[in-house]
Amino acid sequence: MNVIRFLQRKTDCSVLYDYKTFRQALRFMRGHGKQEMPLVSHEGFYCGVVREGDLLWHLLDHGGYEAVKDDTLGSFVEKYNLPALKITADDEELKRASMRCSFVPIVDDRGVFVGTVDSRDIVQHFVDEARRSRPSVTA
(Lines give C-alpha, C1' and ligand atoms only; values in the text may rest on other atoms or scores of the structure.)
Protein backbone atom coordinates (compact mmCIF):
# COMPACT_ATOMS: atom_id res chain seq x y z
CA MET A 1 0.00 0.00 0.00
CA ASN A 2 1.17 3.48 -0.74
CA VAL A 3 0.81 5.96 2.16
CA ILE A 4 0.65 8.81 -0.33
CA ARG A 5 -2.64 7.46 -1.66
CA PHE A 6 -4.29 8.20 1.71
CA LEU A 7 -2.31 11.31 2.64
CA GLN A 8 -4.10 14.49 3.59
CA ARG A 9 -1.42 17.09 2.86
CA LYS A 10 -0.32 19.48 5.58
CA THR A 11 -1.91 22.38 3.71
CA ASP A 12 -5.28 20.61 4.11
CA CYS A 13 -4.76 19.51 7.73
CA SER A 14 -5.69 21.32 10.90
CA VAL A 15 -2.45 21.62 12.87
CA LEU A 16 -1.22 23.46 15.94
CA TYR A 17 2.18 25.08 16.16
CA ASP A 18 4.45 24.77 19.19
CA TYR A 19 4.65 28.55 19.61
CA LYS A 20 0.85 28.94 19.93
CA THR A 21 -0.58 29.57 23.39
CA PHE A 22 -2.85 27.42 25.51
CA ARG A 23 -5.69 29.87 24.87
CA GLN A 24 -5.14 29.83 21.08
CA ALA A 25 -5.05 26.03 21.07
CA LEU A 26 -8.34 25.75 22.97
CA ARG A 27 -10.08 28.14 20.61
CA PHE A 28 -8.62 26.54 17.49
CA MET A 29 -9.51 22.99 18.54
CA ARG A 30 -13.01 24.00 19.53
CA GLY A 31 -13.53 25.93 16.32
CA HIS A 32 -12.41 22.95 14.23
CA GLY A 33 -14.27 20.37 16.33
CA LYS A 34 -11.05 18.42 17.02
CA GLN A 35 -10.07 16.49 20.12
CA GLU A 36 -6.50 15.88 18.97
CA MET A 37 -4.26 17.62 16.48
CA PRO A 38 -0.68 17.33 15.22
CA LEU A 39 1.84 19.68 16.84
CA VAL A 40 4.38 21.16 14.43
CA SER A 41 7.37 23.41 15.07
CA HIS A 42 7.77 26.80 13.43
CA GLU A 43 10.31 25.17 11.08
CA GLY A 44 7.78 22.51 10.05
CA PHE A 45 9.13 19.57 12.04
CA TYR A 46 6.67 17.17 13.64
CA CYS A 47 6.63 17.48 17.44
CA GLY A 48 3.77 15.25 18.60
CA VAL A 49 0.04 15.40 19.16
CA VAL A 50 -1.95 17.82 21.29
CA ARG A 51 -4.97 16.19 22.90
CA GLU A 52 -7.75 17.76 24.91
CA GLY A 53 -6.46 15.75 27.87
CA ASP A 54 -3.02 17.40 27.58
CA LEU A 55 -4.69 20.79 27.89
CA LEU A 56 -6.91 19.70 30.76
CA TRP A 57 -4.09 18.20 32.81
CA HIS A 58 -1.88 21.23 32.23
CA LEU A 59 -4.73 23.46 33.35
CA LEU A 60 -5.32 21.43 36.51
CA ASP A 61 -1.64 20.98 37.37
CA HIS A 62 -0.69 24.64 36.99
CA GLY A 63 -3.31 26.73 38.74
CA GLY A 64 -6.20 27.20 36.35
CA TYR A 65 -6.92 29.01 33.12
CA GLU A 66 -5.62 32.45 34.08
CA ALA A 67 -2.28 30.95 35.13
CA VAL A 68 -1.74 28.96 31.91
CA LYS A 69 -3.55 30.82 29.15
CA ASP A 70 -0.31 32.31 27.78
CA ASP A 71 1.85 29.17 28.08
CA THR A 72 3.07 27.95 24.69
CA LEU A 73 2.21 24.44 23.59
CA GLY A 74 5.85 23.57 23.07
CA SER A 75 6.55 24.27 26.74
CA PHE A 76 4.30 21.52 28.08
CA VAL A 77 3.21 19.04 25.44
CA GLU A 78 5.35 15.93 25.65
CA LYS A 79 7.47 15.74 22.51
CA TYR A 80 6.81 12.77 20.25
CA ASN A 81 3.96 11.47 22.40
CA LEU A 82 2.70 9.84 19.21
CA PRO A 83 5.50 8.81 16.87
CA ALA A 84 5.04 9.74 13.24
CA LEU A 85 5.46 7.34 10.36
CA LYS A 86 7.75 8.01 7.45
CA ILE A 87 6.15 8.43 4.07
CA THR A 88 7.72 5.08 3.09
CA ALA A 89 5.91 3.10 5.84
CA ASP A 90 4.62 -0.36 4.98
CA ASP A 91 1.16 -1.86 5.52
CA GLU A 92 1.92 -3.35 8.94
CA GLU A 93 3.31 -0.10 10.31
CA LEU A 94 0.27 1.76 9.03
CA LYS A 95 -2.14 -0.75 10.57
CA ARG A 96 -0.45 -0.58 13.98
CA ALA A 97 -0.25 3.20 13.93
CA SER A 98 -3.92 3.58 13.01
CA MET A 99 -4.92 1.98 16.33
CA ARG A 100 -3.25 4.67 18.45
CA CYS A 101 -5.04 7.80 17.31
CA SER A 102 -7.75 9.05 14.94
CA PHE A 103 -5.00 9.95 12.48
CA VAL A 104 -1.47 8.89 11.68
CA PRO A 105 1.07 11.73 11.38
CA ILE A 106 3.38 11.36 8.36
CA VAL A 107 6.86 12.86 7.99
CA ASP A 108 9.52 12.86 5.32
CA ASP A 109 13.06 11.53 5.84
CA ARG A 110 14.10 14.75 7.62
CA GLY A 111 11.24 14.61 10.14
CA VAL A 112 9.33 17.40 8.44
CA PHE A 113 5.57 17.05 8.79
CA VAL A 114 3.94 16.35 5.42
CA GLY A 115 0.39 15.50 6.50
CA THR A 116 -1.84 12.90 8.11
CA VAL A 117 -3.65 9.73 7.18
CA ASP A 118 -7.10 9.31 8.70
CA SER A 119 -7.35 6.03 10.63
CA ARG A 120 -10.84 5.43 9.25
CA ASP A 121 -9.43 5.45 5.71
CA ILE A 122 -6.88 2.81 6.66
CA VAL A 123 -9.45 0.58 8.34
CA GLN A 124 -11.82 0.95 5.39
CA HIS A 125 -9.03 0.02 2.97
CA PHE A 126 -8.29 -3.23 4.81
CA VAL A 127 -11.98 -4.09 5.18
CA ASP A 128 -12.47 -3.60 1.43
CA GLU A 129 -9.35 -5.63 0.71
CA ALA A 130 -10.59 -8.49 2.90
CA ARG A 131 -13.98 -8.47 1.18
CA ARG A 132 -12.34 -8.63 -2.25
CA SER A 133 -10.13 -11.54 -1.29
CA ARG A 134 -12.92 -13.59 0.32
CA PRO A 135 -14.23 -16.28 -2.02
CA SER A 136 -17.83 -15.76 -2.97
CA VAL A 137 -20.28 -18.42 -1.87
CA THR A 138 -22.84 -19.61 -4.38
CA ALA A 139 -25.96 -21.58 -3.53
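The values are calculated or read from the model by the stated rules, or taken from the named source; none is laboratory data. Remember, it's a predicted structure, so these values are computed and weren't measured experimentally. Reconstructed Cβ throughout: ideal geometry from the backbone, glycine too, with neighbour counts over all protein chains shown. Keep in mind that these areas ignore ligands, DNA and RNA; they rest on the heavy atoms of the full protein, side chains included. Shrake-Rupley method; radii C 1.70, N 1.55, O 1.52, S 1.80 Å.
On the basis of the beta-carbon distance and an R0 of 22 Å, Gln35 and Asp12 show a calculated FRET efficiency of 0.75. Could you please report the charge total around Thr88, scoring K, R as +1 and D, E as -1 over all other residues with beta-carbon less than 14 angstrom from its beta-carbon? Summing Lys and Arg as +1 and Asp and Glu as -1 gives -3.
Here the accessible area of the chain is 50 percent carbon and sulfur, with a 1.4 angstrom probe and all protein chains present. Of the three principal axes defined by the Cα atoms of region 91-132, the extents in descending order read 37, 18, 14 Å. Compactness of the chain is given as radius of gyration and Dmax, 17.6, 69 Å, from Cα positions. Evaluated on region 33-106, the Kirkwood hydrodynamic radius is 13.6 Å, with distances taken between all distinct Cα atoms. Roughly how tilted is helix 119-133, in degrees to the nearest 10 and between 0 and 90, from the longest Cα axis of the chain? Compared with the principal axis, the helix lies near 10 degrees.
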